[in-house]
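All of the numbers you see were taken from the coordinates with simple rules; none came from a lab. Being a predicted model, the structure only gives us computed values, none of them experimental. All Cβ positions, even for glycine, are placed from backbone atoms using ideal geometry, and neighbour counts span all protein chains on display.
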Amino acid sequence: MRRDERGAVTLVVTFFMVALCICAALVTDFGMAYVNKRQAQTAADAAVMAAGKVYAGKSGTCASLVGDMTLLSQAETAADQLRLANMPSSPNVDLVPSCATGTLTLDYHVTASSPLGLGQIVTGTNQLTVDREAQSSLKVVTTLLGDCALCFLGTGTTDTGNADYSVSNGSIHLNGNLSAGPNGMWTVTPASSQTVGVTGTVSGGQFSPAYITEPVIPDPLASMSLPLSSTGLSAKSDPCSDGPGVYGAFAIPSGTCTLSAGAYVITGAWTMKNNSTLTSSGGVTLYFKSAGGSLDAKNGVIAGLKAPTGTPAGAPAGWPSGFGIIYDRDNANAFSAQGNGNTTITGAIYAKSATIEFNGTSDFHFVGGPIVVKSGTGNGNQGTVYVESTGNVGGVTQTNAGTMTMSK
């Protein structure tokens, strides 16, 4: 007799329907967990990027940035806002900053829980917790700002009119404000490595490259010991014929006054006539003592005045090398280099508290540098000031967090 198989199909269909429902439930449970995982990762990425933007550009070493609790609080707040925007009701987590080889690293975790139905059969728990991590990194870099070959240290306004200022192989820096005429040009070369930096405001002028904002810098030659000694130098009356020594006020006569190589201490004002020319036969350093020493060359020409390559011949101990003109640190008398012709000075110039006057339409050529003064004036239309520098001095070191990148 044939076997009775009625109902067998019903059993098979029922079995497969139950299995299909279980699979559908599992797919739903674990599919939701996968969606939550992706959402948690998105939240973590957005949060750690927001935190990184808080740190980006901030000044400090890697260790000091990590230890700045105020900065950490601001970064955590920014991170939490993005986490909640992407993952509402997710539990709070801590932003963890750390240092490694000069890199500021920010770690952030986002956790999320997905309820399970039949998925409990597999996991043994009624929910599945996902934990996603994101990490951003900021390279902490140290840069030198405000180093200069033409340095204006005064915090007031430097008014240069329409004069052109140009520095090769060096930068220009002004601690204060700059007021320039519409035709005044400010140029540094090469533009790829040199800058025109201004701490305060800028009015007028044309710049190549564009000027940048820099912090106030201290005196780059503050280590130079002043006042200088005059021990061993005798008092003399005519520098054009008497050579190195100590001089009071002197009016340079018409014609050419050639200074012999050596050290000159000047306690009064040196002035020039309309057809006077001041030059040197060797390396000289003119030291203008406070309170009366000054150089007023607006009616004459300084042509070929050369600083010594070392310390000046016969100078007492403590005199620096390579300087053509030095004013005492508190000497506020003007240094006038206006002139009716072309001024050429080789060597460094230091007059921290003095204004150097470039008025007139002449060319002022300085070789070697640096020039460190309080401020400058340049009222002449198309007068030119050219500094042919051997490099910059001074500046301030600034360490800060650089551009943010996602590292995990």
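Karplus-based coupling profile of region 314-323, in residue order and whole Hz: x, 6, x, 4, x, 6, x, 9, x, 9, with θ = phi - 60° in 6.51 cos²θ - 1.76 cosθ + 1.60 and x standing for Gly or Pro. Cross-link partners for LYS37 among the aspartates and glutamates, with Cα-Cα distance under 13 Å and sequence neighbours closer than 8 places in the same chain left out: ASP29, ASP45, ASP131, GLU133. Of all lysines in the structure, those lying under 21 Å Cα to Cα from LYS139, and not within fewer than 8 positions of it along the same chain, are LYS53, LYS58, LYS408.
Under 17 Å of direct C-alpha separation, and excluding same-chain neighbours fewer than eight residues apart, LYS352 reaches these lysines: LYS289, LYS374. Simple spin-label estimate for THR155 and HIS365 gives 3.8 nm between the two label positions (7 Å along the Cα-to-Cβ direction from each Cα). With R₀ fixed at 30 Å, the C-beta to C-beta distance from VAL141 to ASN342 puts the FRET efficiency at about 0.10. On full extension, the segment bounded by SER208 and THR309 gains 33.2 nm, given 0.36 nm per residue less the C-alpha separation.
The fewest-to-most ranking of ASP94, ASP107, ASP219 by surrounding Cβ atoms within 10 Å reads ASP94, ASP219, ASP107.
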